[in-house]
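Asks: Pasting a structure here, questions to come.
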C-alpha cells in the first residue's frame with residue numbers, strides 16, 4: 001500500500017487551444033477536468049495500474065463531492081480532512097504543439113491544527129503501508145514542518161517516505177533524510193542556488209542531497225528524461241514522445257512508476273526506466289490523464305549508467 005498526502009489539492013481544468021497568444025481572444029477546444037494535486041496524481045497513476053494506494057487530502061462541501069466522484073471513477077481510495085475551501089481550481093492551457101501554460105491558485109489559508117489533522121489522517125493508514133508520499137505545494141499558513149513531521153511519523157512506524165515539493169519546504173525536509181526525493185530541474189536549481197546546465201551539474205547537485213542523508217534522488221528533466229542517484233549508483237533514462245499532448249502531471253506519473261517498480265524489487269536502473277516510461281506515456285495523453293497498462297506499450301526507454309555528462313538540459 002502506498003499512501004499519498006496532498007496538502008493543497010486542486011480540481012484541474014485543462015483547456016486546449018490551437019495557439020496561445022498573449023492579449024488575444026481564444027476559442028477553447030477540448031475541456032477536461034481531473035481531480036488533481038501531485039499526491040492525488042500519484043495515487044491515480046498507481047490505481048490505474050492496479051497498485052494499492054490511498055489518497056489523503058483536505059476537502060469539504062461541493063468540491064469534495066466532485067472530487068469523490070472522480071476518484072471513485074478512477075478506483076482511487078481516499079480519505080478527506082474536512083477543511084472548507086481547501087480545494088483549489090487550477091487552469092492549464094495546452095497549445096497544439098504541446099506547450100503548457102498553468103495558472104494555479106494559492107489555496108486555503110490554513111494553520112497548525114489543519115496540519116496536525118492531515119498528519120493524523122495519514123497515520124491512520126500506516127499499518128501495512130510500504131511508502132508514504134508527501135507531494136506538492138503547501139497552502140498558505142502551513143510551512144515545511146508539515147513534511148518534517150510526516151517523515152518523522154512514517155519513519156517511526158518503519159514506513160519509507162518519498163517527498164516531492166519545492167522552495168523552502170524542500171530545503172527544510174532534506175534535513176529529515178527522507179528515503180526518496182523527486183525534484184524537477186527547476187526545484188533542484190532553487191535548492192542549490194545556481195543554474196544546472198548539464199547532466200554533470202545535475203549529478204553533482206543530486207549527490208549533494210545524497211551526502212546530506214537523502215536515500216535516493218530522482219530528478220525529472222522533462223524531455224531529457226530523468227537522473228537517478230543513490231549512494232553507489234547513478235543512472236540516466238530518457239524516452240522520445242512523438243506527439244506530446246500535455247506535460248501536466250507527467251512528473252507525478254514518473255514518481256508513481258518509480259515507486260511501482262521499487263515495490264516489485266527493481267534496481268535503481270530499472271525503477272528509473274519504469275518511471276520515465278510512465279512519465280513519457282503521460283505526456284502523450286491529454287490533460288492530466290494518467291497512463292493505464294495499455295498506454296505503457298508505446299514509448300521506448302533508453303537507460304544507462306554511462307551518463308551523458310555533457311548533455312545540455314537547461315538552455
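No lab work stands behind these numbers, since they all come straight from the coordinates. Values in this document were obtained by computation on a predicted structure and should not be read as measured data. Please note: Cβ atoms are built from the backbone with ideal geometry, for glycine as well, and neighbour counts cover all protein chains shown.
Asks: Rounded to the nearest 0.05, what FRET efficiency do residue 24 and residue 106 have when you use their Cβ-Cβ distance and R0 = 35 Å?
Replies: Efficiency computed from Cβ-Cβ geometry: 0.85.
Asks: Set the Förster distance to 22 Å, then compute FRET efficiency between residue 52 and residue 266 from the Cβ-Cβ distance, nearest 0.05.
Replies: That gives a FRET efficiency of 0.80.
Asks: Could you please state, rounded to a whole Å, how far the C-alpha centre of region 287-314 is from the C-alpha centre of region 250-273?
Replies: Cα centroid to Cα centroid, the span is 11 Å.
Asks: Continuing with this model, one more query. Step by step: find N for region 2-304, compute 2.2 N^0.38 Å, then divide the Cα radius of gyration by it. What's the final number?
Replies: Relative to the rule-of-thumb radius for its length, region 2-304 sits at 0.94.
Asks: In addition: Contour minus end-to-end for residue 305 and residue 130, with contour as 0.36 nm per residue of separation and end-to-end as the Cα-Cα distance?
Replies: So the chain would gain 60.3 nm between residue 305 and residue 130.
Asks: Given region 2-304, what percent of its DSSP beta bridges are antiparallel, to the nearest 5?
Replies: 40
Asks: How high is the relative contact order of region 2-304, in percent, with contacts defined as C-alpha pairs under 8 Å that are six or more residues apart?
Replies: Once divided by the residue count of region 2-304, the mean separation gives 17 percent.
Asks: Quick one: order 170, 51 by neighbouring beta-carbon count within 10 Å, fewest to most.
Replies: 51, 170
Asks: Want the number for residue 120 to residue 155: 0.36 nm per residue separation, take away the alpha-carbon distance, what's left?
Replies: Length gained, residue 120 through residue 155: 11.2 nm.
Asks: How many angstrom lie between the Cα centre of region 208-223 and the Cα centre of region 11-73?
Replies: That distance is 27 Å.
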